[in-house]
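First the structure, in the form of structure tokens, and then the observations on it.
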Amino acid sequence: MIKTDALIIGAGPTGLFTAHQLKLIGLDCEIVDNLDKIGGQCIELYPDKPIYDIPAVPECTGEELTNNLINQLKPFDIKFHLSERVDEVKKDNDKWVVKTNKGTSFTTPNVIIAGGVGSFEPRKFSVEGHEKFENKSILYSIKDKNIFKGKTVSIFGGGDSALDWAVELSNNCNVNLIHRRDEFRGAQATVDKVHELTKSQKINLFTKFQLKKLNGASKIESIDIEDDDKQIINLKTDYVLGFFGLIMQLGPIANWGLNIDKKTVEVDTEKFETNQKGIYAVGDICNYPGKLKLILSGFHEGALAARACFKLARPNEKYRFEFTTSSKAIKNRLGVKGD
Amino acid sequence: MAKITYIEHNGTNHTVDVQNGLTVMEGAVQNDIPGIDADCGGSMACATCHVYVKEDWFDKVNKKNEGEDDMLDQAYEPKKNSRLSCQIIVSDDLDGLVVDMPEKQT
């Protein structure tokens, strides 16, 4: 069981800056995120898109913002638990016991939910019977590419994941690549490579087709794909891979006894505390009159929630407001020289 | 102002007046019409305001924006007449527009 002053759920910009605020006032924290990398929506949805409304930063991309926030955390030692989803938050006297899907557990007086719009999950197929093949013949991510060796793999999607895997697996598998239109959103170099491999018959490309039907008893034997004109093609296949991007689900947060309205968590505007003492919500996931879903609002909310955490983490101490420009204690924490 | 009809997947109809300049997504959200989530708030960063525009209307609404099809690739059951409702701007010309909503958004 890991003990910490505050546990942050979500490693997006709000979660990162909240961690900074906690460390600045002398509290420990750890961060859990369901994604395999730091940055949240910024890194998953718009790493290359410029953002123009971060105060004092005229223009930066989602990736640059994330890297700057990570740099800002450099003076501090913060443990990240990536690729882990918080499943359970339970009260234990005056503490919260938090458990992830990987079995990590925490005990903490403060839980800060900086979960954006929930956790990212892969978009799944919607055809009948897909559930019974999932994790066996239908996969949404690849852990071990060797299982496909010599097999026929049907890949659905038009983004980088679909294209990269089509190229990679075409080395030693029979690859069908199926996409709902004839334009791809992947990197141009990869798109070119796919067309090249299609010409040399290393990849069988089917555009304007979508999955219609799965055939097979315990494992998939073939699939039917259909185009806009209702033409159906049957493809023998051993595996079906779906890369339709990620969707956002509120997920387990809905089960923690919080007041939830339209996928957001109600908070007060003094501490950004929920209806549960010691559980806070900041950033896109919180809701209060006048809430703006801006990154800068998340920074403000995190700064106030961090101060509220102090009371529960250090009940016998008094929090004193200090500026980074003048406080010796803060400069010590940052590892910079005082003047 | 345009009268817009939103049809839920279960067949329930909602016809509302939507002001010019708003998006078809905003028209649904402001009138509490279920079936459109609009998680990203209309910035074309998700695909949870996905609708099917009735065939005879498809060519009359403003054309798809760059990047809209990329998001639609990630929508639930996209079809030929799929659009993101946050990218359709309401004007008098859209009076009578009918959009169908998918079974679900996520």
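Annotations
- Residue match in the stretch A:108-116 (condition: assigned by TED's automatic domain parsing to the domain that holds A:GLY15 and either at pLDDT below 95 or within 28 Å of B:GLU103 (Cβ to Cβ) (or both)): yes
- Complete set of residues in the stretch A:225-237 that are surrounded by fewer than 16 Cβ atoms within 10 Å (Cβ to Cβ) and in contact (Cβ under 8 Å) with a residue 40 or more places away in the chain: A:LYS236
- Qualifying helices (runs of 4 or more DSSP H) (wholly inside the stretch B:12-85; at least 2 residues being more than 14 Å from every other protein chain (Cβ to nearest Cβ) and surrounded by 14 or more Cβ atoms within 10 Å (Cβ to Cβ)): B:24-30
- Scanning the stretch A:192-224 for residues that are under 15 Å from A:VAL175 (Cβ atoms), surrounded by 14 or more Cβ atoms within 10 Å (Cβ to Cβ) and without any contact (Cβ under 8 Å) to a residue 60 or more places away in the chain turns up A:LYS193, A:VAL194, A:LEU197, A:THR198, A:LYS202, A:ILE203, A:ASN204, A:LEU205, A:PHE206, A:THR207, A:PHE209.
- A:ARG320 meets all of the listed conditions (1) in a helix (DSSP H, G or I); (2) modelled with pLDDT under 95; (3) within 30 Å of A:PRO75 (Cβ to Cβ) but one, namely (1).
- The stretch A:238-290, subset closer than 30 Å to A:LYS151 by Cβ and within 12 Å of chain B (Cβ to nearest Cβ), residue surrounded by the fewest Cβ atoms within 10 Å (Cβ to Cβ): A:LEU246
- Condition check for A:VAL175: away from chain B (no Cβ under 14 Å) and either in contact (Cβ under 8 Å) with a residue 40 or more places away in the chain or among the β-branched types (Val, Ile, Thr) (or both): yes
- Looking across the stretch A:144-171 at every residue that is under 27 Å from the mean Cα position of the chain (by Cα), of a type outside the set (Asp, Glu) and part of a loop (DSSP other than H, G, I, E, B), the one that is farthest from A:ILE203 (Cα to Cα) is identified as A:GLY159.
- Taking first residues from the stretch A:29-42 that are free of Cβ contacts under 8 Å to residues at least 24 places away in the same chain and partners that are in a loop (DSSP other than H, G, I, E, B), no Cβ contact under 6 Å between residues at least 6 apart in sequence or on separate chains turns up.
- Taking (1) within 14 Å of chain B (Cβ to nearest Cβ); (2) assigned to a strand (DSSP E or B); (3) not hydrophobic (A, V, I, L, M, F, W, C) in turn, A:LYS230 satisfies each apart from (2).
- Contacts under 9 angstrom Cβ, first residue in the stretch A:66-81 being of a type in the set (Asp, Glu), partner part of a helix (DSSP H, G or I), 6 or more apart: A:ASP77/A:LYS23
- For the stretch A:291-316, the set of residues classified as within 14 Å of chain B (Cβ to nearest Cβ) and without any contact (Cβ under 8 Å) to a residue 40 or more places away in the chain consists of A:LYS291, A:LEU292, A:LYS293, A:SER297, listed by residue number.
- Residue in the stretch B:87-106 that is assigned to a loop (DSSP other than H, G, I, E, B), of a type outside the set (Asp, Glu), in contact with a His (Cβ under 9 Å, 6 or more places away or on another chain) and more than 14 Å from chain A (Cβ to nearest Cβ) present: yes
- Qualifying residue in the stretch A:35-45 (condition: modelled with pLDDT of 95 or more and either outside the structural domain of A:LEU258 (by TED's automatic domain parsing) or surrounded by fewer than 12 Cβ atoms within 10 Å (Cβ to Cβ) (or both)): no
- Failed criterion for A:LYS331 (all others in (1) in a helix (DSSP H, G or I); (2) within 30 Å of A:GLY62 (Cβ to Cβ); (3) basic (Lys, Arg) hold): (2)
- Test: A:ILE8 is surrounded by fewer than 20 Cβ atoms within 10 Å (Cβ to Cβ) and either more than 24 Å from A:LEU334 (Cβ to Cβ) or touching a strand residue (DSSP E or B) at 6+ places or on another chain (Cβ under 6 Å) (or both): no
- Applying the set (1) within 14 Å of chain B (Cβ to nearest Cβ); (2) touching a Lys or Arg at 6+ places or on another chain (Cβ under 8 Å); (3) not aliphatic (A, V, I, L, M) to A:PRO75 leaves exactly one unmet item: (1).
The values are calculated or read from the model by the stated rules, or taken from the named source; none is laboratory data. As the structure is a computational prediction, the values presented were derived from the model and not from experiment. Here Cβ is always computed from backbone atoms with ideal geometry, including for glycine, and neighbour counts include all displayed protein chains.
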